[in-house]
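Undergrad: Please read through the structure below; I'll follow up with questions.
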Amino acid sequence: MKNKIYYSALILLNIVIIFSVYFVIENNQNKKIENYTDSINTKINNAQNSINKALDKSNKSLISATESISKSNITIKELNEEKSIVEKKIYETQSELDEAKSKLVDEENKLLKANYELNIKKEKEKRLEAEIIQEKEKSKRLESELNSQKEKTEYLKSSSDKYDALSTKIESQNKIIGNIQITSSDIEENTSRIKTLESAPSSIQWPTIVDTVKSSVVRITNSSNGKCSGFIFDIAPFHHSVENNTYYVLTNNHCFVVNSSGGRIYNNMKIMVNENETIYSASLIDKYSNLDIAILKFTSTTKLTPLKLLANEDYKVIKIGTEINVLGYPLGVNSLRTTKGVVSAKLIRSGIADGIPYSPRDTIQIDAAINSGNSGGPVIILSGEVIGMTVSVTRQTKSGLAVEGTGYAISSKQLIESVSCLTSTSQDKFLASGGTCKYLPN
């Protein structure tokens, strides 16, 4: 029994001890919890205070930002209003600029038109000036011709007296020498030949001669916009066989433009006959670059009349003062032009065209008016034969002095030699006949 009480007391004591320990532990734990809770609450309060302060600052910043945004919105509104005003002004200014630009374009067009009309007027004035110069030269030549005609009349009168005296002597001799029969027709024939070669022709005959030969004078163009004159000539007498319906043309080699490689352009050549009424395609046979001579050919089913080059024996007796006529298409015209003059000199002359020097060649100097586009045209005498081919004109001396009435033409003698030396066959025949080929095609 005592043991039970002992054990019960012992158990009870242990329970009391356990509860006491638990109470103590719980009490300490509660104090720790309270202390921790107080610490947490303090931290929470501190954090809450910090948050409140931050919120206050944020609210203040937000209020400030709101005020700034409001001010910015006001500023933006004002700027937009100013922008609208500026855009309106820009639009109005642009409209004014467009209107001013349109007016400037109209004024520019008017100026261009006025400039174009002025250029046309200047060209007309130049042509009129050239025509006036030609007329002055014609007047001078006519005056010279009148004086020459007076001298010729006096000379013919004197010659007639001499002729009558000579006829009387001849008749007297015929009576003495019965086997000599000289008829008046023989005398007239010889006299006519002498007059043709030695005396200048009457101006009244030129219109008829020009009308006869003008259909043989051609205008030449090609793709390089070169415009020159030329003439159809009879090539058969110079040891060449002529194909049916084939015609040959003489002109200047400088009529064809120099290309970038230094050669000349000979493509798309057109021959215009009868004052631009008929157009033929032409091709180059050959050329003398060093003499400024080119020979072309074309075909035509229409019969054309070639001009004849003056024979060398007749060229020899041509004297200074012999009347000539220059035919061609100067200044790009489509109708034939002719100017009259005289042979001023017969000489050997070299030259330069397009910066290219030419070899010495048989040349005649003439005083007939020559202009751009006359190059390659024929120079004829009263018989209608070609005494030369127009090649150049001198406007001023090397020292700058103005020069009038100084044109040049390649002589018929030089042309005959060049045509005769054109092919190996013609060369052989020409050399066999006593000719000389000083230059060959190149």
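The values are calculated or read from the model by the stated rules, or taken from the named source; none is laboratory data. Model, not experiment: these values are computed from the prediction. Positions of Cβ are generated from backbone atoms using ideal geometry, with glycine treated the same way; all protein chains shown enter the neighbour counts.
Undergrad: Residues that are outside any loop (DSSP other than H, G, I, E, B), farther than 24 Å from residue 371 by Cβ, touching a Pro at 6+ places or on another chain (Cβ under 7 Å) and charged (D, E, K, R): does segment 285-294 have at least one?
TA: Scanning segment 285-294, I find at least one residue that is outside any loop (DSSP other than H, G, I, E, B), farther than 24 Å from residue 371 by Cβ, touching a Pro at 6+ places or on another chain (Cβ under 7 Å) and charged (D, E, K, R), so the answer is yes.
Undergrad: Still on this structure, please answer the following. Of the residues 304, 310, 382, 331, which is within 30 Å of residue 269 (Cβ to Cβ), surrounded by fewer than 20 Cβ atoms within 10 Å (Cβ to Cβ) and either more than 28 Å from the chain's Cα centre (by Cα) or outside the structural domain of residue 280 (by TED's automatic domain parsing) (or both)?
TA: Numbers: 310 fails: surrounded by fewer than 20 Cβ atoms within 10 Å (Cβ to Cβ); 382 fails: within 30 Å of residue 269 (Cβ to Cβ); 331 fails: either more than 28 Å from the chain's Cα centre (by Cα) or outside the structural domain of residue 280 (by TED's automatic domain parsing) (or both).
The match here is 304.
Undergrad: Taking segment 298-332, which residues are out of contact with any Gly (no Cβ under 9 Å at 6 or more places or on another chain) and acidic (Asp, Glu)?
TA: Passing the criteria: 313, 314.
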